[in-house]
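What follows is calculated from the coordinates using simple rules that are stated; it is not laboratory data. Computed from a prediction, not measured in an experiment: that's the story for all the values here. Because the Cβ atoms are built from the backbone with ideal geometry, glycine has one as well, and the counts that use them run over all protein chains shown.
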Amino acid sequence: MRRMERFPYPLRLVGRKENTMALAASEHWRDEKINGVIYDMSPAPDFRHGIINNNINRIIGYGLKGSICLVFMENLDYKYHPDVNDDYVCPDVMIICDRKHLKGGSYSGVPRYIAETLSHSTAKRDRTVKMEIYEKAGVEEYWIVSPQGSVEIYYLEGGKYVLEQHYMLEEDKEEDAYNAETEIVLRGFPHIKMTLGEIFEGVK
């Protein structure tokens, strides 16, 4: 309902085609509310952003089969302190295991893992205010992924994020720094593994 209300003009009962287009636009509109300020997340990020998120989401989803945990990609608002206000963010990839905190299109518990893929419109927030939000909320593992081939992995240690690993993809097997087959293991889910090559598969 929130996204419908934010649509720039009301739907008019004029014709099926016009209303269908208006509804489609409203459904794809995304935003975040941080400290009471609404941030419009349009225009849509580069296509590589979606490829990377889908790669990570697919591998995690396969690894979570048969468990109580779920993985969401770009489609669930995270209300990070519902006891204080109605602020929310929309992580690119998020694992949750306490389903009781799911309600409608939002989640208000503590995610076990979050990944954000940088885009022009969100990069600064992903590295600053959103990182601080996830840190304070107690998200134990946070990834910052760049379409240019880098992966930063932060672990929560003593209530603060510590950079555990920083990878830069090198796909050329002739190079000494070749690392496309390097495996990354999710800290809270050690059976879920993915290589750097798999994360960026299809980007180039």
Structure-derived Rg/Rh (Cα atoms, Kirkwood Rh) - corresponding label in (1) 0.94; (2) 1.00; (3) 1.17: (2)
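Work out the FRET efficiency for Asp31 and His81 from their Cβ-Cβ distance, taking R0 = 25 Å, and round it to the nearest 0.05.
Values: r = 18 Å, r/R0 = 0.71.
With R0 = 25 Å, the Cβ-Cβ based efficiency is 0.90.
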Cα lying deepest toward the dipole's positive end in the chain, options His49, Gly36, Thr117, charges on Cβ: Gly36
Highest-MSF residue in the chain out of Ile114, Ile95, Ile184 [GNM, Cα springs under 10 Å]: Ile184
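Let me have the relative contact order for the chain, percent, based on Cα pairs under 8 Å that are six or more residues apart. Before the final figure, lay out each step's value.
Working: 334 pairs, mean separation 31.0, N = 204.
Relative contact order of the chain: 15 percent.
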Simple spin-label estimate for Glu164 and Phe47 in nanometres, 7 Å along Cα-Cβ: 3.4 nm
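Treating only the Cβ of Lys, Arg, Asp and Glu as charged (+1, +1, -1, -1), what charge dipole size does segment 43-199 show about its Cα centre? Round to the nearest 20 debye.
Numbers: 17 positive and 26 negative charges, 170 e Å.
Roughly 820 debye for segment 43-199.
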Radius of gyration and maximum dimension Dmax of segment 125-176, Cα, Å: 13.3, 43
Inter-probe distance in nm under a simple model that places probes 7 Å from Cα toward Cβ, at Gln148 and Ile68: 4.2 nm
GNM result for the chain, Cα springs below 10 Å: residue of Lys136, Lys173, Lys160 fluctuating most strongly: Lys173
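In deg cm²/dmol and to the nearest 500, what is the mean residue ellipticity at 222 nm of the chain if only DSSP H runs of at least 4 residues count, each as -39500 (n - 2.57), divided by the residue total? Don't skip to the end; give the middle numbers.
Working: 6 runs with 51 residues, N = 204.
Mean residue ellipticity at 222 nm (helix-derived): -7000 deg cm²/dmol.
Using DSSP to define loop residues, name the GluC sites (Glu not before Pro) in segment 117-155 whose beta-carbon has at most 10 other beta-carbon atoms within 10 Å.
On the way: sites: Glu132, Glu135, Glu140, Glu141, Glu152; in loops: Glu140.
In loop regions of segment 117-155 (DSSP not H, G, I, E or B), there are no sparsely surrounded GluC sites (Glu not before Pro).
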